[in-house]
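Read the structure below first, then the notes.
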Amino acid sequence: METSYFDTDECRAFLKELGPPPQNVSIVNRIWYHGTTTNNYWRIKQDGGFREGTWFSRHMEDAQQMGGSVVLKVNVLFDVYESEWQVCASNSIPFSRIIAVYRVYRTHTMGNQK
């Protein structure tokens with residue numbers, strides 16, 4: 001599996017503007033991933049963000065398994081325990097909270113082939 005990362009000046013500016021996390025919040029709770037299809041990515045963008053009830057996972061690999069060929073890295077604070085690996089948004093999340101877009105290319109192997 002190969003992953004390509006599309007970095008933008010807009011993403012870098014957003015991170016700079018966001019600044020460091022508050023001292024009482026773990027950085028782990030601020031970065032979440034959402035797996036989706038290309039069509040749904042454009043729908044999320046057109047709608048201006050994620051709808052209430054959208055699921056996010058703590059690890060990119062989990063989002064990749066749940067979604068399609070696009071994984072979105074999102075900076076949002078959820079009030080969850082450190083042990084929780086996924087969370088459902090209780091309200092909408094603006095598109096501006098996306099800090100990276102990953103396109104996932106899957107490669108398949110059969111038997112012992114590499």
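No lab work stands behind these numbers, since they all come straight from the coordinates. Keep in mind that what you see is a predicted model, and the values were worked out from it rather than measured. For neighbour counting, all protein chains shown are included, and Cβ atoms are generated from backbone atoms with ideal geometry for every residue, glycine included.
Between the amide H of residue 67 and those of 35, distances stay under 5 Å, these residues lying 5 or more places away or on another chain, with hydrogens modeled in the peptide plane. HN-Hα J couplings of segment 65-72 from phi, Karplus 6.51/-1.76/1.60, θ = phi - 60°, integer Hz, Gly and Pro as x? Karplus-based 3J(HN,Hα) across segment 65-72 equals 6, 7, x, x, 8, 10, 10, 9 Hz. Modelled label positions at residue 61 and residue 84, each set 7 Å beyond Cα in the direction of Cβ, lie 2.3 nm from each other. Per-residue 3J(HN,Hα) values for segment 46-59, derived from phi via the Karplus relation 6.51 cos²θ - 1.76 cosθ + 1.60 with θ = phi - 60°, read 5, 6, x, x, 8, 7, 4, x, 6, 9, 10, 10, 6, 10 Hz in sequence order (x marks Gly and Pro). Shown for 32, 85: other C-beta atoms within 10 Å of each C-beta, ranked fewest to most, produce the order 85, 32.
Taking label points 7 Å from Cα along the Cα-to-Cβ direction, residue 51 and residue 91 give a separation of 1.9 nm.
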